[in-house]
1. If a residue has to be modelled with pLDDT under 90 and either away from every other protein chain (no Cβ under 14 Å) or at negative phi (or both) to count, how many in the range A:765-785 make the cut?
2. Restricting attention to the range B:17-47, which residues are closer than 21 Å to residue B:143 by Cα, away from chain A (no Cβ under 11 Å) and without any contact (Cβ under 8 Å) to a residue 60 or more places away in the chain?
3. I'd like the full set of residues that are in a helix (DSSP H, G or I) and surrounded by fewer than 18 Cβ atoms within 10 Å (Cβ to Cβ), limited to the range A:587-608.
4. Please go through the range A:219-258 and give me each residue that is in contact (Cβ under 8 Å) with a residue 24 or more places away in the chain, on the phi > 0 side of the Ramachandran plot and either part of a strand (DSSP E or B) or surrounded by fewer than 19 Cβ atoms within 10 Å (Cβ to Cβ) (or both), ordered by number.
5. Tell me whether the range A:545-568 contains one or more residues that are out of contact with any strand residue (DSSP E or B) (no Cβ under 8 Å at 6 or more places or on another chain) and farther than 22 Å from residue A:526 by Cβ.
6. Quick check: is even one residue across the range B:80-91 out of contact with any strand residue (DSSP E or B) (no Cβ under 7 Å at 6 or more places or on another chain) and at the interface with chain A (Cβ under 9 Å from one of its Cβ atoms)?
7. Of everything in the range B:1-14 that's more than 17 Å from residue B:166 (Cβ to Cβ) and part of a helix (DSSP H, G or I), which residue is farthest from the other protein chains (Cβ to nearest Cβ)?
């Protein structure tokens, strides 16, 4: 946002207080505010914007305190008269009355600022004239009451009951001539206001305008706005501008109407104009959903010139804003006007397609494209939905059991559970659970959290279940009347059929449909995978690399598909996944029990077997093998089953404390590389190293057991290790910073427990800690993580390991800013991480 | 059986309305110091009023009875008053609006105009609560929570609109509604 502080500050003598849209080209956002800047920009680009003027931010300080200065008011009156002349209308009279909207527009948008007042300028004469020119008394009454309601609420601060009273006047309008309806209506509003706020409703349009402008400036100092500026340290003297603009009517002349259009299809991202048009309607009708508009495709047949004009304007707007836009427009007597233009909301898939298309159309650069999609949207695209064929088959086979109200979108299959506590248990046992309840209450929250989907028999789309499910982003169907729940027998009955707990169901949280059995799923990424891949390649072009850790062949294949730049494994995890952790445990147990000369070759063989398949699935990717973590906490659970009560063998807690086992693992890796035919070199990494001597010893082990064709790396887990980093970097081929372990070591918390969030969350809630160590990089760590100096550290690759901890943006940003370009994340986050890291790098590189 | 004192009621009522919460939640909601709440929770557990499931507290039947007794004893004079019934009628009006706005907010993916309406409606309720604050002084606690969470929303922390796992506006509203119904001694119509 442009925050230039040289705002035009009109002084009393010189002074231009008011800038028509077509005369404000030289002023910046600091003066015109965000809204005003947009209008000026569109006007100067020749786009059809209803004319108007801006009172710049420089006027705010004076107007917020006092009444409007006389010379300002005189300028405003002049500008309104000019508008009226230009439109061949009259402000406050007939035969064609000029109505205006009044809005606030600060350089930085903020909550608590005055919203729009529409239809300002109606007095008795204007009401009658408007009725005469539109031939529609009911419309004029409606227009007036809308204005009266907004004005009473925003400017006069009237309460709900007053607003409701005004609202109700709509319903008891007599069907009589305009003279008999409108003046009494205006009088009734005025009376209601006088009774409620002790101030009559101003029927002088100039007074309406003066009060509205003053209200805009005063809203700058509303409690909410001040609180917001305090929080974000936005200067209080920045001020807001006021925008006054001519109203246009969608029910004047022919053709006339109003609508909303997207410059591209917001569902798919296809480059076709998408939208609707309500013939002879006013803006609010479309938004309020009180009338049903027609799709633009239907309008194109009836009024081809309007749709063609809209298409032309859409193209111009995209040239101007270089993005997909959402346009509110009105056609008055055959002329198209743009009422509001903003960047259009879009589905995740559309976001990707549009970003890539805009690059192909040379409207934006790849570095901009990657900022147009959020990491969350990338995650959404990866979410499963029913395969179209499976869905069709289910319908054909009459597996559609019932239809409720779709309350939160998403398509999932799972097993039914009717009790929230059992839902938690089943989910913990790895079952996808669909919680089926009559209704839900806050008590059911833990069960809802554990479920993949929620169905209720009662309630509408505003029920507790619906609100909570949407907040949790879980598919949810509510108000499914065909469904009864027999909680005592754990049975769901749907249209007479019984489904005992554990029956498979599939639910569509958008359509509200419930199907018997489970349905095969697909993902958006399967369809637009190529576009996602291009986008992420652009993100990678910023020079960052994302690694991930796998423990099976399938995980490795998925990681490669998601574009991981490197793959890591930890040998204890690989052994566990292969069902061979017992080997490690037995050997350790034997050593602990004091058996001399324990045979460690079984470990070598197990590592060889478990690694070979994974290595064979890899291609050219860098591959990092981390030796098993032999610390007692980690393996004692398995060991305890085998040799209860044993003490740990000495040295398990030291990185090279059991050299025989490190050697066995190194040989296992060597064998696997040979058998798999992996081109190498691969990297062998040991965690917890703090001294160059350890690293030298590790290199020697590798040289002896593997030969030259292996790289050696250290993972740092303590401040001691960080302090040794520059020295280690001269010796090692790679160094990874275990961010979670580093944080845990600073707090002296157990590494593993730091992620089991329940306890720490409760602790934070009690304010026993001021900062969440998972979300922010601790100060001590900040001071001790060295900034990367590539010259000094030569060939050593440096990385940050965030596996097992999601990736908080602030954490990524800290390391990125310190020069780290390689990150390891959990498998399901590879794509989102590639995007996020690319975005941050692109932002930092931006001029 | 003696009735709860006010502090004990504040802590236990917070759990009564939330059904499941941590000690930290109860302190936050009741506005009482953490160590005091911790001590009270200990004695509640001993009396079987609540269950401690590894930090998550769950209210038990006896605990609920305690809270309900307090409501009945303390507010019986209020529940019959005409002005309270009228007040509730006004509350119901903005309650309908609030629920609609929250739903709109979710369905428009957090549209900023709709978000403004959510907060304006909360501000209206805060004003409305102000009118009965003298009759139920502890309702200032709701005002405090509403203001804190509104600020959080304004600062861009959108979870505070209606995410069930934080002290969101929707949660506070829901709890206030339950609380007021208990004061009026009315069952909630579902």
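The values are calculated or read from the model by the stated rules, or taken from the named source; none is laboratory data. Since we're looking at a predicted model, the values are computed, not measured. We place every Cβ from the backbone using ideal geometry, glycine too, and count neighbours over all the protein chains shown.
1. The number of residues fulfilling the criteria is 11.
2. Matches in the range B:17-47: B:32 only.
3. A:601, A:602, A:605
4. Matches in the range A:219-258: A:253, A:257.
5. Looking for residues that are out of contact with any strand residue (DSSP E or B) (no Cβ under 8 Å at 6 or more places or on another chain) and farther than 22 Å from residue A:526 by Cβ, one finds none in the range A:545-568, hence no.
6. yes
7. For the range B:1-14, the residue satisfying everything is B:6.
Condition check ((1) in contact with a strand residue (DSSP E or B) (Cβ under 7 Å, 6 or more places away or on another chain); (2) modelled with pLDDT under 85; (3) more than 14 Å from chain B (Cβ to nearest Cβ)) across all residues:
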| site | (1), (2), (3) |
| --- | --- |
| A:691 | no, no, yes |
| A:695 | yes, no, yes |
| A:716 | yes, no, yes |
| A:730 | no, no, yes |
| A:743 | no, no, yes |
| A:755 | no, yes, yes |
| A:760 | no, yes, no |
